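Here the structure is laid out as C-alpha cells; the discussion comes afterwards.
The values are calculated or read from the model by the stated rules, or taken from the named source; none is laboratory data. Predicted model, so just to flag it, every value in this text is computed and none were measured. Because the Cβ atoms are built from the backbone with ideal geometry, glycine has one as well, and the counts that use them run over all protein chains shown.
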Amino acid sequence: MKGEFSNMNVEILKKTLILLSFFFCLLITPPPSFAQSVVIDAGMSPNQTAWSFDRDARDANKEVTFWFRVQKESIYKYNFRAQVFRPDGSEVWNTSYGFNVEGYADQKLTFPVFFYDRSPNKLALSFGMWKVRTAVYEKESKREVSVKEYSIAFSDGKKQTPAAEVSLPGKSGNPFPVPSFQYKQWRLKNWGLGIYDEVSVGPNTYDREIRSIDVRDTFSVKEALNAWGKGHKFGAMLEGPPVNTYFNTNQLPQYVFGYILKHPDGDNNGLNPRYRTSSYCNNPGAVLFSFDIRKLGRYRIEFLLRERDKPDWEESSWVPIGGFDFTLTQ
C-alpha cells in the first residue's frame with residue numbers, strides 16, 4: 001500500500017509541476033497584440049523636398065540622409081532597403097544594408113546633383129517629381145514590415161520666375177473650412193493647401209512654424225514648380241497644438257499623422273495602413289506633402305491621427321480627422 005500511495009503522490013506532483021509550468025509560460029509570454037513593434041522611427045534629414053538645379057550655382061549640393069531605426073534585438077533578422085525612381089517611374093537606385101548594433105541604417109544621397117547624374121539625357125534633365133522609397137524587410141522571407149516614401153521635386157534653377165509671380169498672402173482667402181476635431185489633448189487648429197515656407201522657431205527640431213504665401217483650392221503645375229524653384233513648398237498643411245503639450249515620457253511627440261491621397265485617375269496613396277506615411281505633428285503641427293504634378297484634375301486628401309505607441313499597420317490605431325478636395329491644372 002505504501003508503494004502505491006507513494007507512486008500516486010509522484011504522479012500528482014508531476015501533473016502539478018506541468019500545470020504550474022503552463023501557467024508560468026502564460027504569465028511571461030506577452031499576447032500578440034502587445035508585441036513590440038520592430039521599427040522605432042524613420043525619417044529624412046534635412047527635410048527638404050524641393051531642389052532646383054543650376055550648374056553655375058556654388059555650394060548648392062547637400063547630403064540628404066534617409067534612415068530607419070529598429071529594435072536592437074531585430075538587427076540580425078531585418079535589412080534596410082533604399083530605392084530611387086525618376087518621374088517616369090524608372091528605377092535608378094536599389095541598395096540594401098544591414099543595421100548596426102544600435103539598430104540604425106541609412107542611405108546618404110547628394111541633392112540636386114544626384115538627379116543630374118541619373119537623368120538619362122544630360123541635355124534634357126528629368127525635371128519633375130522623383131520618389132525615394134525606404135523599407136525594412138525580413139532577410140529570409142523578403143517581406144516588408146515598414147515602408148516610408150518621399151516625393152522630391154527637381155526643377156530647373158535657370159528658369160525661375162520673379163518672386164512677384166508667386167501669389168501674395170490673402171489673395172483668395174482660405175477655402176478650407178476647419179472642422180471641429182479633438183482627440184485627447186490634440187485639437188485641429190487649421191489646415192489647407194497652397195504655397196508655404198517652413199521656418200525653425202526654436203532649438204528643438206520640432207519647433208517649426210508654417211508661414212502661408214498663398215492658400216487656395218486650385219493651382220497650376222507651373223505655379224507649383226515656380227514655388228519649388230524659389231525654395232518655397234507646395235503641399236497640404238495640418239496644424240495642431242504646440243508639440244510641447246503632447247510629448248511622451250521619452251520626450252518625443254506623442255501623436256503622428258498620416259494621409260490618404262486620392263488621385264484623379266482613381267489611384268490612392270496611404271489606403272493600406274501598413275504603407276501610410278507617419279509624420280510628426282510638428283510645432284504648430286504642420287507638415288507639407290508634395291503631389292504628383294504629372295496627374296492633373298481633382299484630388300482629395302484625408303488626414304488621420306495616431307498615437308505613436310500604437311501599431312501603424314492596424315487600421316484601428318488611426319483616428320480619421322477629415323479631408324478636403326483640391327485641383328491641379330496645366
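Summary table below
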item	result
Residue in segment 213-220 that is surrounded by fewer than 16 Cβ atoms within 10 Å (Cβ to Cβ), modelled with pLDDT of 80 or more and more than 19 Å from the chain's Cα centre (by Cα) present	yes
Enumeration of residues in segment 248-269 that are modelled with pLDDT under 80 and either over 19 Å from the mean Cα position of the chain (by Cα) or charged (D, E, K, R) (or both)	248, 249, 250, 251
Filter result for residue 149 (in a helix (DSSP H, G or I), in the same structural domain as residue 53 (by TED's automatic domain parsing) and of a type in the set (D, E, K, R))	no
Filter result for residue 239 (surrounded by fewer than 21 Cβ atoms within 10 Å (Cβ to Cβ) and either modelled with pLDDT of 85 or more or assigned by TED's automatic domain parsing to the domain that holds residue 51 (or both))	no
Options 172, 146, 167; residue that is farther than 20 Å from residue 112 by Cα, hydroxyl-bearing (Ser, Thr, Tyr), surrounded by 11 or more Cβ atoms within 10 Å (Cβ to Cβ) and at pLDDT 80 or above	146
Some residue of segment 56-68 being surrounded by fewer than 15 Cβ atoms within 10 Å (Cβ to Cβ), assigned by TED's automatic domain parsing to the domain that holds residue 139 and farther than 20 Å from residue 232 by Cα	yes
